[in-house]
1. Between A:G206, A:G189, A:G176, A:G172, which is within 14 Å of chain B (Cβ to nearest Cβ) and not basic (K, R)?
2. For the structure I just gave you, tell me whether A:L123 is crowded, with 22+ Cβ neighbours inside 10 Å and within 11 Å of another protein chain (Cβ to nearest Cβ).
3. Under 25 Å from A:F177 (Cβ atoms), touching a Phe, Trp or Tyr at 6+ places or on another chain (Cβ under 8 Å) and surrounded by fewer than 16 Cβ atoms within 10 Å (Cβ to Cβ): which single residue out of A:N43, A:N69 fits that description?
4. Identify, from the list A:L199, A:L135, the residue that is assigned by TED's automatic domain parsing to the domain that holds A:S112, more than 12 Å from DNA strand D (Cβ to nearest atom) and buried (at least 19 other Cβ atoms within 10 Å of the Cβ).
5. Give just the number: which of (1) within 14 Å of chain B (Cβ to nearest Cβ); (2) touching a helix residue (DSSP H, G or I) at 6+ places or on another chain (Cβ under 7 Å); (3) buried (at least 18 other Cβ atoms within 10 Å of the Cβ) does A:F15 not satisfy?
6. Looking at (1) within 16 Å of DNA strand C (Cβ to nearest atom); (2) within 11 Å of chain A (Cβ to nearest Cβ), which is the one condition that is false for B:E151?
7. Taking the conditions exactly as written (within 14 Å of chain B (Cβ to nearest Cβ) and of a type outside the set (K, R)), does A:L184 satisfy them or not?
8. Only residues that are within 22 Å of B:A138 (Cβ to Cβ) and in a helix (DSSP H, G or I): list them for region B:9-65, please.
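The values are calculated or read from the model by the stated rules, or taken from the named source; none is laboratory data. All values derive from a computational prediction rather than experimental measurement. Cβ: placed from backbone, ideal geometry, glycine included. Neighbour counts: every protein chain shown.
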Number of protein chains: 2
Amino acid sequence: MDNRGGFDLRRVLLFRGLNGCDLTALLAKARQEAAVRGSTFFNECDDALHCRLLVAGRIKLVQTSTDGNQVVTRFVAPGEMFGWAQVLGASVYPGSAEAMVDSVALTWDAASMRSALAAHPVLALNALELLGARLREAQDRLREVATERVERRVARALLRLARQSARPTGEGVEIGFPVTRQDLAETTGATLHTVSRILAAWEHSGILAGSRQRIVLLHPGRLETLAEDGG
Amino acid sequence: MDNRGGFDLRRVLLFRGLNGCDLTALLAKARQEAAVRGSTFFNECDDALHCRLLVAGRIKLVQTSTDGNQVVTRFVAPGEMFGWAQVLGASVYPGSAEAMVDSVALTWDAASMRSALAAHPVLALNALELLGARLREAQDRLREVATERVERRVARALLRLARQSARPTGEGVEIGFPVTRQDLAETTGATLHTVSRILAAWEHSGILAGSRQRIVLLHPGRLETLAEDGG
DNA sequence: TCCCGTCTTTGCGCCAACGCAAATAACAGA
DNA sequence: TCTGTTATTTGCGTTGGCGCAAAGACGGGA
């Protein structure tokens, strides 16, 4: 079985239930692609010809509006698929995929992934479930940004990031990849100034510790309270 | 071929490419379900046991947050599927489905729809495309509510509604089903007061005409300008 | 080691939009 | 026709968070 970059491809949710032979055949059709920190796998409005699976690193999907404002659509962790626009009925990518750290992805032609989905129903059903989860998350975030205060949204964003990528440290739980205040602002629909102020306040009250592109949650429970009860 | 309620089921995007026999067999497994205006097909947090296709009428999918705020996730037109949470990997519905006018849906057991998706790859690929479109719309709205002013968001919402359900009248284009100011507020992440003020202003400048649960776009072009250029 | 680019913090003024309140207006059912 | 319920409009005070501005920090590369 393939095991590139120390990552067990059998654990990928998209491949769950796919038998070993079929998986090997599918992997044989993929090629590897790397992006160093700060570069992109593809840009918004590029023709969507491929689909990808992140093997190592971390990327963010960013949409830019006509007036220059940016929104982070999603942070992608290893094992997650991204850039599937073509298979999902779009001809161009709706956002850019920027590597937050040096990253590696497996890349398929959209056409061969389409035929794989058609040939292996379990793949298609997995894809539907994963896409459903993404849709639910997008709708949750929509509800949050439409009805909740910035502070609460930032709390939720931090908890989401910690859930996706928690790195335990002596003092608490660290977000496992570099996140700027700007990134947080672009996920929550706020300005980096407001985010900075909120984090500073939380640092004062001992909820977290922050430094350059680094955030350690010292008291996730209190963040949960802020996120849920609105305390 | 089946043709319930004057609606051509062969035109449903989900069924595109499915052969007649298979379609008939699939339809045979569905049962009809009706909901009068104001009632719901299902409620948020109900066990998601079925999946549905709207045949006639119009429904809105509504999420309620813990503090009572509501958000309209989507307006569903005839021919569109809704309530697929189970197939999409959720055990309960993430929102309620309320009939805005008397409505009729076809309902399948989630399990039989799952096996249909597995048996007919074209169905699964169609579902992926439709779901992809919904995801893109959710992400677009997320970007809008995170970065744009209320006025522009309302303009966009009206144009979306008109695109989904335009009824031409002598004077202009009418939204084809009853929409309250509250509904508009809940799709745009604003208050009904702000929406009312904005519509009043537009009525003054001749862009649209509004009355109780009714909106006629007299000048869609000027709305487009408001939505795009921020004029 | 120094320098320069990137990231972060903090202050201050302002305004878009909310929250509250109260007066219509329109429809549905008795 | 009357009455109760649901929608809509409009006023007014408040404020959360933005926009602008400027001054630190941190860290990587030469």
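1. A:G189
2. Taking the combined requirement at face value, the residue satisfies it.
3. Going through A:N43, A:N69 in turn, the sole match is A:N43.
4. Answer to the selection: A:L135.
5. (1)
6. (2)
7. Here the answer is yes, as A:L184 does meet what is asked.
8. B:L13, B:L14, listed by residue number.
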